Amino acid sequence: MRRLINYGGPVLATYLALSGLTAAFADTTTTVTTKTTTVDSSPSFVLPASTYVVIDPLSGVIRGDYTIGTRTIDGVPLSSSYVVMDKVTRRLVGTFDANGNLIDLSQAPAATNVIVSVDSHRAALDRQIDLLLAQGRITGSQAETMRLDIARLFPGTQETTTSRTVTYSSALAADSGLYTVESRLLPYTEKTVTSRVVVPRVVTINGQLILPDTLTYRRLQLERSIEDQFAAGNITRDQLVSLKGDMLDLANRDGRYRAGGGISDTNAQIMAADLDAAQTKLDRDKASVAGLRIGAK
């Protein structure tokens with residue numbers, strides 16, 4: 001789930017130990033480690049009919065299939081360190097209490113390791129903004145805007161430990177928002193800087209947390225790019241409508257391909273080729289608009 005960016009030294013555990021967790025989650029760590037949400041042996045949270053798997057929310061690694069009512073996986077007790085994902089839609093839906101009972105992700109306190117991971121991500125992004133500002137690669141105004149955007153992802157940080165608990169949903173949604181801000185910095189980094197996206201990672205779509213695989217993530221990024229190019233005036237409204245229609249067709253077909261809980265290698269290759277074609281179409285549309293601007297001068 002982490003995007004690793006080398007910008008002069010990684011954010012190590014030593015840094016966290018010396019500086020402490022940032023204000024975003026520092027006031028919630030005690031709550032997470034001392035308070036356990038417990039439900040009875042017949043939990044009220046019931047999953048709709050589908051195929052589910054248990055995953056590690058930080059790495060996206062699937063630990064195994066989830067059977068409703070199961071309290072262990074591979075002999076290991078289920079806990080808040082695991083999240084349940086709908087295998088078809090890749091939507092994150094629940095986690096577990098100390099007794100292995102399933103809990104709605106929006107109601108459960110985030111696991112400590114998730115909070116530390118998100119906080120580390122925020123600290124790394126703050127340091128990257130500072131570095132690029134010091135190097136003159138971004139302006140003071142750009143840095144301030146990005147910092148405000150980051151701050152909005154972590155509301156209520158002044159509340160007391162006893163009055164506030166960070167839910168799993170809000171923690172993962174904040175991490176997704178950090179990636180959005182981070183993506184805006186990429187054009188200003190050194191060409192020699194390596195940026196590696198480890199997919200899957202959590203993204204927020206219509207208020208739902210999705211853990212996309214490589215194909216899904218690529219499709220979501222292309223959809224966002226189309227919107228961004230229109231907002232920047234680089235494609236026309238007619239081109240936008242046409243491109244969005246293409247992406248809707250791709251999303252619908254992707255859903256049909258995954259109806260059985262996965263996508264075959266053949267269908268994955270078809271989807272990859274169609275995504276290539278959609279990217280080419282976007283690039284061609286951008287070039288046509290740029291050509292019109294040059295001709296008008």
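The values are calculated or read from the model by the stated rules, or taken from the named source; none is laboratory data. Keep in mind it's a predicted model, so treat the numbers as computed, not measured. Because the Cβ atoms are built from the backbone with ideal geometry, glycine has one as well, and the counts that use them run over all protein chains shown.
Yes/no per residue for (1) in contact with an Asp or Glu (Cβ under 9 Å, 6 or more places away or on another chain); (2) closer than 30 Å to TYR82 by Cβ:
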{"residue": "THR204", "(1), (2)": "no, yes"}
{"residue": "GLN221", "(1), (2)": "no, yes"}
{"residue": "LEU240", "(1), (2)": "yes, no"}
{"residue": "ASP246", "(1), (2)": "yes, no"}
{"residue": "ASN252", "(1), (2)": "no, no"}
{"residue": "TYR257", "(1), (2)": "no, yes"}
{"residue": "SER264", "(1), (2)": "no, yes"}
{"residue": "LEU275", "(1), (2)": "no, no"}
{"residue": "GLN279", "(1), (2)": "no, no"}
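Can you confirm whether SER44 is modelled with pLDDT under 80, part of a loop (DSSP other than H, G, I, E, B) and not aliphatic (A, V, I, L, M)?
So SER44 fits the description; yes.
Residues in segment 122-131: is at least one modelled with pLDDT of 80 or more and farther than 25 Å from SER183 by Cβ?
No, because not a single residue in segment 122-131 is modelled with pLDDT of 80 or more and farther than 25 Å from SER183 by Cβ.
Given the conditions (1) under 27 Å from ARG91 (Cα atoms); (2) at pLDDT below 85, which single one is not true for THR192?
(1)
Between a first residue in segment 274-297 that is surrounded by 11 or more Cβ atoms within 10 Å (Cβ to Cβ) and a second residue that is among the β-branched types (Val, Ile, Thr) and assigned to a helix (DSSP H, G or I), which pairs have beta carbons less than 9 Å apart while being 6 or more apart in sequence or on different chains?
Close Cβ pairs satisfying both conditions: ALA278/ILE226; LEU282/ILE226.
Please find, within segment 126-150, the residue that is nearest to SER170 (Cα to Cα) out of those that are outside any loop (DSSP other than H, G, I, E, B) and hydroxyl-bearing (Ser, Thr, Tyr).
Checking each candidate, the answer is THR145.
Just name the residue that is modelled with the highest pLDDT out of those in segment 151-181 that are in a helix (DSSP H, G or I) and aromatic (Phe, Trp, Tyr).
Applying the filter and picking the extreme gives TYR168.
Considering every residue within segment 92-107, establish whether at least one is in contact with a Ser or Thr (Cβ under 9 Å, 6 or more places away or on another chain), closer than 28 Å to LEU215 by Cβ and part of a loop (DSSP other than H, G, I, E, B).
yes
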